[in-house]
Every structure is written in C-alpha cells, then in structure tokens.
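The structure appears right after this line, and notes come after that.
The values are calculated or read from the model by the stated rules, or taken from the named source; none is laboratory data. Worth saying up front: this structure is predicted, and the values here are computed from it rather than measured. Quick reminder, even Gly has a Cβ in these numbers, built from the backbone with ideal geometry, and neighbours come from all protein chains shown.
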Ligand SMILES: Cc1cc2nc3c(=O)[nH]c(=O)nc-3n(C[C@H](O)[C@H](O)[C@H](O)COP(=O)(O)O)c2cc1C
Ligand code: SF4
Ligand code: FES
C-alpha cells in the first residue's frame with residue numbers, strides 16, 4: 001500500500017466541512033508558514049521537495065515560483081488552474097469535490113509565498129456545482145480567520161475568488177486562461193512575455209494546477225526534504241491518477257510513483273484488471289494528448305525493463321517507444337476496441353477545441369478529423385494514412401500554443417504503433433464496419449487475470 | 001440601430017451611443033427626447049449579485065465579470081443569450097456589444113439559439129466512447145425521435161453531443177443542467193426522461 005498525502009482523509013465522514021477538516025489536522029500548514037516562515041522560505045521548501053507541476057507539463061514548481069517578477073507597487077497574482085478538460089482527466093474534480101479545504105489551505109500558503117492578495121480559481125464551466133462547494137469552504141476559512149484581513153494576526157491579507165469558465169478546453173492553457181479571466185475569448189498569447197512577468201491584467205502571475213497547489217500542504221507540514229524522499233529520482237511525492245476506459249475499477253487513485261504499470265492496471269488496489277477477462281490492447285497513460293502505447297511497450301520499456309508509473313519511466317524510449325505522465329489521465333483499451341475510432345474521437349475533440357488563431361492547428365485538426373472519419377467509415381484510401389502522417393507533422397511545432405502538438409501526437413502515435421489496423425480498415429471497408437481488428441501482434445500474450 | 005457614421009467624430013458618437021444604460025435619456029435623430037428601456041432586466045437581487053461579481057476583480061477591470069454575468073443572464077433569461085440579452089449585459093458592464101458577442105460565440109456553454117427546457121449533453125469523447133456512449137446517444141435519438149442538435153416538438157428536450165466533461169471514469173455520462181448524470185444505461189435514460197416530464201408537469 002503506497003503512501004497517501006492528499007487523499008488519505010478523503011473518506012473521513014464530514015471532511016468537506018471545516019470542523020472535521022480542522023480536527024483532522026487541517027490548516028496546520030497555514031499556521032506554520034505564516035507564523036514561522038518567510039515567503040521565500042516557503043518557496044525554498046517547495047524547491048527542495050522537487051514537486052513538479054501536476055497540470056501536464058511537469059515543470060518544477062519551486063523554480064516557477066522563483067521566476068515571479070516582484071516590481072515595487074505592482075500587485076502579483078496566483079491563479080489556480082481548475083480547467084481540467086483533457087480527456088481522461090478527472091482528478092482535480094475529485095479533489096475539489098471531496099477535499100475542498102485541502103485546496104483552499106494550499107492556496108493560502110502558496111499565496112503567502114508569492115505575495116498574492118487576490119487569488120483566483122479558474123474552474124471549467126461544466127463543473128457547475130463545484131463553485132458552491134469551494135465558496136462554502138472559502139467562507140468557512142474566512143470565518144476562522146484563515147482568509148480575509150490580517151490572517152491569524154500575521155498582517156497577511158488574502159482573498160480567494162472562484163471564476164467559472166464557460167466551455168473551452170483551450171482555457172486550460174495558461175495564457176488562454178489569463179485572457180479568459182480578463183473576460184475575453186480564450187486565445188493563447190505569444191510568449192514571451194511570460195505570465196511570471198506579464199500575466200493577468202499585465203501583472204506578474206503564477207498559474208498552477210489544483211493538485212500542485214494541494215501538494216504544497218504536505219510539503220510544508222512534513223518539510224520539502226522529507227517530501228522529496230517519497231517516490232523515485234525526479235518523480236517525487238505522490239501523484240493522482242484518474243483511471244478510465246476498460247477497467248474494473250475506474251476512479252481516482254493516489255500513487256507514490258514506485259509501482260509498475262502492470263500493478264496499477266491489474267492489482268485490486270487500483271484498476272482491478274480488465275472486465276470480462278479480456279486482454280489489454282493499448283493504453284494512453286497521461287491524458288489524450290500523450291502517445292498511445294500498445295500493451296507490449298506499455299508494460300515493458302523498449303529495453304525490456306519493467307515500465308513504472310513515474311515521469312521518467314513512462315517517458316523512457318522517447319516518443320517512438322514511450323509516452324508521458326502528462327495529466328495523469330489513464331485510459332485503458334481492451335482487445336475489442338478500435339484504435340481508428342478512438343483516434344477519430346480525439347481528433348474531433350482537438351478540432352472542436354482549437355481556438356483558430358494559427359492556420360496549421362485550425363485547418364490541420366479539421367483535416368485530420370475528416371480523413372480519420374473516412375477511414376473509420378470505410379471510405380479511406382491507402383494514401384490517406386501517409387497524408388494523415390504528413391498533416392500531423394506540419395502542425396507540430398508550428399503553432400502559438402501546445403494545443404497543436406497535443407492534437408498531432410495522438411494521431412502520430414496511433415499510426416506509428418497501429419499502422420496495420422489503419423491499413424486493414426482501408427483494405428476491408430465493408431468488414432471494418434461490423435468487426436474490429438482485434439489484438440493482432442501488438443500485445444505480447446498476457447496472463448489473463450480473472451475479473 | 002445606430003445611424004451610419006460619416007466622420008471620425010460621428011463614428012465616436014455612434015460608438016459611445018451604441019449601448020445605453022436602462023432609463024438613460026437621449027435625443028433621437030429628430031431631436032426628440034427618448035428614454036432607453038431594455039425589455040429585459042435583472043431583478044434587484046440579481047443586480048446585487050452582479051455587483052458582487054464585479055467586486056471580485058480590481059477597479060476598472062469589470063470586463064473580467066463578463067463570463068460569470070453571461071452565465072447569470074443565460075439562467076435568468078430563458079436558457080439562451082439573445083442579442084438583446086447580450087446588449088443588456090454590455091450595458092451593465094460598460095462594454096461594447098461586440099466585446100460581449102465575441103465572447104458569447106467562443107464558449108460552448110453559451111446558447112445562441114433557444115434550447116429545450118431539458119438539455120441532454122452527452123459526452124462522446126474517447127474514454128466515454130470506450131464505455132458505450134455511442135449506443136447511449138443512439139438510444140436517446142430513438143427514444144425522443146430527434147437527431148443531435150434538435151429539440152422535441154413539445155420544446156422539452158434538446159439532445160447535444162459534447163466533448164469530455166471530466167467524468168470519464170463514470171462513463172457513459174451526460175450533463176443535465178447543473179449536474180452530471182453518470183453510468184448511463186437505457187433504463188437510466190428512461191428514468192431521467194420520466195423525471196423531467198414529471199418535473200415539467202409539476203412546474204407548469
Ligand atoms: C491545450 C492545453 C490545455 C491545458 N489544460 C490544462 C488544464 O486543464 N489544467 C491544468 O492544470 N493545466 C493545463 N494545461 C497546462 C497549463 O498551461 C499550465 O502549464 C499549468 O496549469 C501549470 O500548472 P502546473 O505547473 O502546476 O502543472 C494545459 C496546457 C495546454 C497547452
Ligand atoms: S495552436 Fe491551436 S489552440 Fe493554440 S493558439 Fe494556435 S490555433 Fe489556438
Ligand atoms: S470522455 Fe466523456 S467525460 Fe471524459
């Protein structure tokens with residue numbers, strides 16, 4: 001059983017309310033940070049912890065905080081990214097829904113470290129009932145002097161506001177999020193200037209993911225050093241994974257990054273194996289943007305080592321033979337799933353979500369969807385597969401924001417690993433309408449774990 | 001409608017005049033005094049809510065309140081944003097109407113056309129597809145006898161497909177108003193439709 005730092009208390013009755021949360025040791029990190037540490041010391045602890053951003057890119061959080069510009073007389077802002085829209089990802093929702101005070105606690109400590117007196121939570125509009133939960137937690141924290149003016153008599157003032165988006169995946173990208181917070185369309189900005197210098201309302205801004213900010217609580221409570229010892233190498237601490245697709249126990253799990261991918265999928269503590277005794281075909285381990293891997297490359301790296309659930313091991317082999325931890329959205333496909341159809345739904349997603357500013361992304365995502373639709377519905381040509389490959393190559397690296405890359409990678413990986421399946425679709429336009437390609441040789445024979 | 005602008009001065013004039021606040025008096029082209037009235041208006045309680053939202057942002061940054069106020073307006077004025085509703089929001093936040101239109105057209109949650117009283121927004125992205133969302137969409141189509149994007153003749157139901165809503169582990173799922181309905185099966189869909197019909201009958 002791995003160590004739990006975030007979800008340990010998630011099942012305590014009444015933990016959503018202040019009283020129980022406090023009784024279970026909540027808000028200790030605020031007392032410790034505000035009363036016994038300087039803001040820079042808090043940042044220093046976060047640096048020592050080795051915490052990496054949990055929103056997808058995995059950038060070291062302490063380093064990001066130390067880049068924040070601090071010109072005299074200009075306000076600075078912390079913005080919590082709760083836009084969570086990457087297909088396969090629903091961990092932030094879980095945290096906010098069941099442990100709202102943990103996020104608020106992390107936000108207060110982080111606001112103190114960064115000098116943010118008005119901190120915003122940008123939450124995706126579809127999570128329409130969660131702002132009420134967060135606002136209630138904020139009210140309770142204020143009533144107990146953990147928010148508002150002169151917090152705990154330390155002279156630090158801070159308010160937290162919830163800002164609801166209105167349906168746009170792109171607003172998870174930090175500069176689009178800032179535009180949206182300013183009441184505009186979510187068009188990403190060209191960087192530089194980076195938000196750390198010129199963010200919301202042209203002021204220095206840090207944007208961090210919900211889980212990242214919640215992780216600041218155990219870091220301050222236990223110390224950065226102790227936190228850094230959990231996990232392996234540069235994958236320190238614990239990570240929330242949201243598991244979905246063809247598994248027996250979909251849900252949100254906290255792992256300490258020392259378990260293998262195989263254990264994560266098949267052990268009863270986590271996903272509990274694949275329903276109906278079916279075999280594993282493929283998996284997208286870190287949200288829809290990261291490369292899909294066939295079973296053989298998923299469980300073992302190209303070097304034949306056991307693939308572990310951590311940043312380094314998942315990325316081992318680079319894009320040709322590895323994938324990424326990404327946002328922790330773990331999507332499992334069983335032997336009866338069609339990779340072409342799956343890729344089509346993802347291409348449609350990115351076409352729908354492209355903000356339209358850059359032509360490679362706006363046009364390319366449309367073309368990819370169209371070609372994939374043809375292949376899926378038995379109207380594809382052999383040359384379409386190469387055309388698809390070509391289009392994704394022309395998007396990647398040629399756009400303002402990484403959504404273009406995120407749209408290109410799933411298509412590239414699907415063709416790279418499952419080309420036979422695309423070809424089979426093209427050559428068998430009729431049969432492919434009522435039967436799936438199956439497993440072929442993508443997976444090494446696996447022992448079937450009884451459901 | 002603002003009149004056509006002929007000179008730079010005129011244009012500035014039109015721009016400034018393009019949104020009036022409710023109750024504002026102005027002269028029309030014939031130099032007669034007219035009072036601007038919006039046909040729609042928030043209640044005093046909702047106006048207080050608008051002030052509260054504006055106060056979350058720094059002075060002079062009331063544009064930041066646009067997304068939340070549009071949500072409020074959509075809830076209040078029939079589940080969609082008409083041109084008049086958007087103009088009203090522009091006047092409240094002292095924005096140009098175009099600043100509101102361009103935002104309303106960008107975000108998928110703002111409806112620019114009337115929708116049924118109950119909107120079934122079924123997720124169809126990869127993880128939901130793996131768990132049978134296509135079959136659920138087909139079932140709803142057949143049950144309500146409408147296609148995606150259509151509304152039933154009685155105006156009760158609209159079916160819409162949407163992209164990942166962050167409930168992939170509880171698939172197949174849909175959004176119905178403020179909440180998610182998860183682990184959908186044909187039986188559950190039947191029950192939801194019944195529930196909506198009963199609600200509608202009770203609240204008429
Ligand atoms: C298209 C796109 C969508 C993104 N969506 C999210 C999101 O929903 N949540 C999130 O935390 N980060 C998202 N990110 C990453 C953010 O830009 C940013 O890196 C992150 O919020 C930083 O927080 P972290 O360092 O704590 O991970 C997205 C990035 C891109 C390019
Ligand atoms: S890459 Fe796509 S989403 Fe990003 S700015 Fe360009 S068009 Fe918009
Ligand atoms: S794919 Fe449907 S909720 Fe995520």
Which of the residues belonging to the stretch B:168-193 are under 25 Å from the mean Cα position of the chain (by Cα) and without any contact (Cβ under 8 Å) to a residue 12 or more places away in the chain?
B:178, B:179, B:181
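Quick check on the stretch A:214-253: of everything there that is part of a strand (DSSP E or B) and more than 14 Å from chain B (Cβ to nearest Cβ), which residue is farthest from ligand 1 (Cβ to nearest atom)?
Of the residues in the stretch A:214-253, the ones part of a strand (DSSP E or B) are A:231-232, A:235-236, A:239-245, A:251-253.
Okay, now just the ones that are also more than 14 Å from chain B (Cβ to nearest Cβ), so A:231-232, A:235-236, A:239.
Details: A:231: 16, A:232: 20, A:235: 14, A:236: 14, A:239: 12 Å.
Within the stretch A:214-253, the match that is farthest from ligand 1 (Cβ to nearest atom) is A:232.
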Taking the stretch A:179-213 only, how many residues are closer than 14 Å to residue A:82 by Cβ and either within 13 Å of chain B (Cβ to nearest Cβ) or within 16 Å of ligand 3 (Cβ to nearest atom) (or both)?
3
Going through the stretch A:254-284 one residue at a time, which ones are in a strand (DSSP E or B) and either out of contact with any strand residue (DSSP E or B) (no Cβ under 9 Å at 6 or more places or on another chain) or free of Cβ contacts under 8 Å to residues at least 60 places away in the same chain (or both)?
A:260, A:283
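For the stretch A:294-363, which fully contained helices (runs of 4 or more DSSP H) count at least 3 residues that are in the same structural domain as residue A:387 (by TED's automatic domain parsing)?
Details: elements: A:295-299, A:311-315, A:318-321, A:339-353.
Where helices (runs of 4 or more DSSP H) fall fully within the stretch A:294-363 and carry at least 3 residues being in the same structural domain as residue A:387 (by TED's automatic domain parsing), they are A:339-353.
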For residue A:123, state whether it is more than 16 Å from ligand 2 (Cβ to nearest atom), over 26 Å from residue A:349 (Cβ atoms) and either in contact (Cβ under 8 Å) with a residue 24 or more places away in the chain or surrounded by fewer than 24 Cβ atoms within 10 Å (Cβ to Cβ) (or both).
no
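Only one residue in A:61, A:36 is free of Cβ contacts under 8 Å to residues at least 60 places away in the same chain, more than 16 Å from ligand 2 (Cβ to nearest atom) and away from chain B (no Cβ under 14 Å), so which one is that? Outline the logic, then answer.
Working: A:61 fails: free of Cβ contacts under 8 Å to residues at least 60 places away in the same chain.
After ruling out the rest, the residue left standing is A:36.
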Here is a list: B:134, B:138. Which entry is surrounded by fewer than 20 Cβ atoms within 10 Å (Cβ to Cβ) and facing another protein chain (nearest Cβ under 10 Å)?
B:134
For the stretch A:363-374, check the following and say yes or no: at least one residue is surrounded by fewer than 23 Cβ atoms within 10 Å (Cβ to Cβ) and within 13 Å of ligand 2 (Cβ to nearest atom).
yes
Just give me the residues in the stretch A:184-206 being in contact with a strand residue (DSSP E or B) (Cβ under 6 Å, 6 or more places away or on another chain) and within 16 Å of ligand 2 (Cβ to nearest atom), in sequence order.
A:195
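Go through the stretch B:21-125 and tell me which strands (runs of 3 or more DSSP E), entirely inside it, have 1 or more residues that are buried (at least 17 other Cβ atoms within 10 Å of the Cβ) and touching a residue at least 40 places away in the same chain (Cβ under 8 Å).
Details: elements: B:25-27, B:33-35, B:118-123.
Result: B:118-123.
Is it the case, given these coordinates, that residue A:56 is in contact (Cβ under 8 Å) with a residue 12 or more places away in the chain and assigned to a loop (DSSP other than H, G, I, E, B)?
Numbers: in contact (Cβ under 8 Å) with a residue 12 or more places away in the chain: yes; assigned to a loop (DSSP other than H, G, I, E, B): yes.
The answer is yes for residue A:56.
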Within the stretch A:366-404, count every residue that is without any contact (Cβ under 8 Å) to a residue 60 or more places away in the chain, part of a helix (DSSP H, G or I) and within 12 Å of ligand 1 (Cβ to nearest atom).
1
Please find, among A:288, A:242, A:235, the residue that is in contact (Cβ under 8 Å) with a residue 60 or more places away in the chain and within 16 Å of ligand 2 (Cβ to nearest atom).
A:288
Checking residue A:93 against (1) away from ligand 3 (no atom under 16 Å from the Cβ); (2) facing chain B (nearest Cβ under 10 Å), only one condition comes out false. Which one?
(1)
